[in-house]
1. Restrict the check to the stretch 169-189 and report whether at least one residue is among the charged types (D, E, K, R), within 10 Å of the ligand (Cβ to nearest atom) and either open to solvent by 50 Å² or more (accessible area, probe 1.4 Å) or under 16 Å from the mean Cα position of the chain (by Cα) (or both).
2. Go through (1) at pLDDT 95 or above; (2) among the charged types (D, E, K, R); (3) over 25 Å from Ile202 (Cβ atoms) one by one and return the number of the condition Glu119 breaks.
3. Condition first: closer than 17 Å to Asp88 by Cβ and outside any loop (DSSP other than H, G, I, E, B). Can you find one or more residues in the stretch 191-206 that meet it?
4. Which residue pairs have Cβ atoms under 6 Å apart, sit 6 or more places apart or on different chains, and have a first residue in the stretch 195-213 that is among the acidic types (Asp, Glu) and a second that is more than 6 Å from the ligand (Cβ to nearest atom) and open to solvent by less than 10 Å² (accessible area, probe 1.4 Å)?
5. For a quick check of your reading of the model, give me the residue pairs whose first member lies in the stretch 22-34 and is in a loop (DSSP other than H, G, I, E, B), whose second is hydroxyl-bearing (Ser, Thr, Tyr) and near the ligand (Cβ under 10 Å from one of its atoms), with beta-carbon atoms closer than 7 Å and at least 6 apart or on different chains.
6. Kindly indicate whether Ile84 is among the hydrophobic types (A, V, I, L, M, F, W, C) and over 30 Å from Ser168 (Cα atoms).
7. So the check is Cβ under 7 Å with 6+ separation or different chains; which pairs have a first residue in the stretch 1-13 that's open to solvent by 30 Å² or more (accessible area, probe 1.4 Å) and a second one that's of a type outside the set (Lys, Arg) and assigned to a loop (DSSP other than H, G, I, E, B)?
8. If you take the residues in the stretch 41-98 that are more than 21 Å from Trp138 (Cα to Cα), acidic (Asp, Glu) and more than 15 Å from the ligand (Cβ to nearest atom), which one is surrounded by the most Cβ atoms within 10 Å (Cβ to Cβ)?
Amino acid sequence: MIAESLKQVLRELPEGVRLVAVSKFHPNEAIEEAYRAGQRVFGESKVQEMTTKYESLPKDIEWHFIGHLQTNKIKYIVPYVALIHGVDTYKLLVEIDKQAAKANRIVNCLLQLHIAQEETKFGFSFDECREMLAASEWKELKNVQMCGLMGMATNTDKSEQIKAEFCSLRSFFQEVKAKWFARAETFRELSMGMSHDYHEAIAAGSTLVRVGSKIFGERNYQN
Ligand SMILES: *Cc1c(COP(=O)(O)O)cnc(C)c1O
């Protein structure tokens with residue numbers, strides 16, 4: 001079942017778009033099934049859960065942290081995380097840099113932008129992000145690598161609204177890339193799209209889709 005759904009999603013991805021299989025709240029067995037079908041990139045949103053899975057599953061898995069990261073927990077994932085999607089404050093970036101230096105690593109990060117109309121989603125506003133980048137202090141942070149941007153669209157059935165939100169993030173990506181990362185080849189990821197809106201995200205230029213329930217089924221939050 002999982003292998004089938006996984007392959008179905010993969011078939012729909014054009015070249016240049018990678019899949020983060022979001023396995024949060026699902027057990028190791030579910031991840032192992034996707035792993036046997038060839039999937040190596042998994043996304044988790046809780047530090048404790050991701051770390052337990054990292055310790056017990058094959059070491060060639062690329063773990064992406066897609067949740068809201070608390071500063072006191074950074075140290076647990078910094079030794080192994082492949083990409084942190086949701087960096088939404090400068091303070092968090094500084095803290096990741098500090099812990100990454102201690103672990104003697106360079107940690108890949110995406111800046112999260114608030115593009116939805118809901119109040120609840122985290123992220124910089126476009127202006128806050130511009131200000132942070134213009135201030136240039138981030139250039140001193142040698143143990144974080146800025147790899148691109150991430151965003152979540154409003155949870156709605158209105159396809160036009162979702163498309164407009166993803167397109168606004170895509171334009172912002174191009175602006176930021178041209179202004180601050182024109183020569184940085186590593187700044188190239190645009191993480192957008194989940195189970196219900198990844199088609200819109202791909203049409204708008206996503207390079208990383210984060211798909212969970214479409215592959216693993218509904219989540220059991222008691223786990
Ligand atoms: C849970 C989650 C996803 C996956 O959601 P699905 O609807 O199950 O595909 C994607 N991105 C983030 C940030 C998430 O927290």
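1. no
2. Status for Glu119: all satisfied but (1).
3. Checked the stretch 191-206: at least one residue is closer than 17 Å to Asp88 by Cβ and outside any loop (DSSP other than H, G, I, E, B).
4. Within 6 Å, the pairs are Asp197/Ala153; Asp197/Ile162; Glu200/Ile162; Glu200/Phe166.
5. Lys24/Ser45
6. No; evaluated as a whole, the condition is false for this residue.
7. That search, which allows pairs on different chains as well, returns Lys7/Ala37.
8. This residue is Glu62.
The values are calculated or read from the model by the stated rules, or taken from the named source; none is laboratory data. Not measured: the values here are computed from a predicted model. No Cβ is skipped: glycine too gets one built from the backbone with ideal geometry, and neighbour counts run over all protein chains shown. Protein only, heavy atoms only, side chains kept; ligands, DNA and RNA dropped before computing areas. Shrake-Rupley method; radii C 1.70, N 1.55, O 1.52, S 1.80 Å.
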